[in-house]
Amino acid sequence: MAKNRKVIITCAVTGAIHTPSMSPYLPVTPDEIIDAAVGAAEAGAALVHVHARNPKTGQPDQSPEAFEPFLKVIKQRSNCVINITTGGAPTMGVEERLQPCAHFKPEVASLNMGSMNFGLYPMLNRFKEFKHDWEYPYLEGSKDRIFKNTFKDIENILTTCAENGTRFEIECYDIGHLYTLAHFVDRGLVKPPFFVQSVFGILGGIGPHPEDVAHMKRTADRLFGDAYHWSVLGAGRHQLPIAAMAVSMGGNLRVGLEDSLWLGPGQFAKSNADQVRAARMIVEGLGLEIATPEDAREQLQLKGADKVAF
């Protein structure tokens, strides 16, 4: 590891995996999402990854109108890089998922690199009571649901965003997704430096074992050499252990209530900022510095907050 390396912390503040009944701390309303994002940035996150939700039911909502109330305010209150999802929720088609990124032209957008089983139903072993009618069927239905990200879907997102100068948090849930990225690199549709977000511990993707983490890193190194920045996220209780592994291997990390509701065994994270602070302790405990938003913009070669449409 270079002595002057600065570690990028991304915080995914609400997502579309967890439902409101699972934690009283999950941000749902625009004001809650604003406070979560700004708090995470103040704690040390250079990037905040955002989804939108229906403020009354907490259901994922990928309409530009749902993003409008919080994007401008986060930008006004913080210098963090705002990363808009194109993943939306596994129940949505790509055209619906693409709307906010196409409309708001962010510095960074997430991009899923392959279709996959996306099993959320094991959460029903822990959570039994739900406040909203949509929550149980949303989780139970994942037994027979494909999160669709075909080659055509990926190409659609890449070409739609190409003229906007948006770069991507390229989410790779398995080894094959790295090869799919290499395919689009060969076609010239993705330009370096790549920001590869390896995802561990989602049922249907690669597991959370240390050998899985090492295998993902080795493969990305072989395919992309020094043309990429590596980051990781671990689902649920794997969040911080995988973050620690990756940082010690020269990588960056992502935390947030999208990926895990927990701060420790049986202990809810009361805010996204709590998880960022825990991750920051790992980074600084290894003798490294965290990246500021401007550091991240330089490393990832982003267009700047003055060139977004919000």
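The values are calculated or read from the model by the stated rules, or taken from the named source; none is laboratory data. A quick note: this is a predicted structure, and the numbers were derived from the prediction, not measured. Using ideal geometry, Cβ is built from the backbone for each residue, glycine included, and neighbour counts are taken over all protein chains shown.
The table that follows gives values for the structure above.
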| read-out | value |
| --- | --- |
| Residue under evaluation ALA227, criteria (1) surrounded by 19 or more Cβ atoms within 10 Å (Cβ to Cβ); (2) without any contact (Cβ under 8 Å) to a residue 60 or more places away in the chain; (3) within 24 Å of GLN301 (Cα to Cα), criterion not met | (1) |
| Any hit, segment 253-270, residues being closer than 30 Å to GLU163 by Cβ and assigned to a helix (DSSP H, G or I) | no |
| Strands (runs of 3 or more DSSP E) (entirely within segment 46-116) containing at least 3 residues that are in contact with a Pro (Cβ under 9 Å, 6 or more places away or on another chain) and closer than 13 Å to ALA12 by Cα | 81-84 |
| Any chance ARG187 is without any contact (Cβ under 8 Å) to a residue 24 or more places away in the chain and not aliphatic (A, V, I, L, M) | yes |
| Boolean, LYS105 is surrounded by fewer than 21 Cβ atoms within 10 Å (Cβ to Cβ) and free of Cβ contacts under 8 Å to residues at least 12 places away in the same chain | no |
| Any hit, segment 16-38, residues being crowded, with 20+ Cβ neighbours inside 10 Å, polar (S, T, N, Q), at pLDDT 95 or above and more than 18 Å from the chain's Cα centre (by Cα) | no |
| Residue pairs meeting the criteria (Cβ under 8 Å; at least 6 apart or on separate chains; first closer than 20 Å to LEU47 by Cβ, in segment 148-166; second in a helix (DSSP H, G or I) and of a type in the set (Gly, Ala, Ser)) | CYS161/ALA102; ASN164/ALA102 |
| Lone qualifier among PHE147, PHE130, PHE195 - being of a type in the set (Phe, Trp, Tyr), over 26 Å from GLN301 (Cα atoms) and in contact with a strand residue (DSSP E or B) (Cβ under 6 Å, 6 or more places away or on another chain) | PHE147 |
| Selection within segment 158-189 - hydrophobic (A, V, I, L, M, F, W, C) and either in contact with a strand residue (DSSP E or B) (Cβ under 7 Å, 6 or more places away or on another chain) or assigned to a helix (DSSP H, G or I) (or both) | LEU158, CYS161, ALA162, PHE168, ILE170, CYS172, ILE175, LEU178, LEU181, ALA182, PHE184, VAL185 |
| Residues being among the acidic types (Asp, Glu) and more than 28 Å from PRO106 (Cβ to Cβ) - total across segment 259-307 | 1 |
| Pair list, Cβ under 8 Å, 6 or more apart: segment 4-28 residue free of Cβ contacts under 8 Å to residues at least 40 places away in the same chain, other residue assigned to a loop (DSSP other than H, G, I, E, B) and crowded, with 19+ Cβ neighbours inside 10 Å | VAL28/THR14; VAL28/GLY58 |
| Boolean, ASN117 is surrounded by 20 or more Cβ atoms within 10 Å (Cβ to Cβ), over 23 Å from VAL81 (Cα atoms) and out of contact with any Asp or Glu (no Cβ under 8 Å at 6 or more places or on another chain) | no |
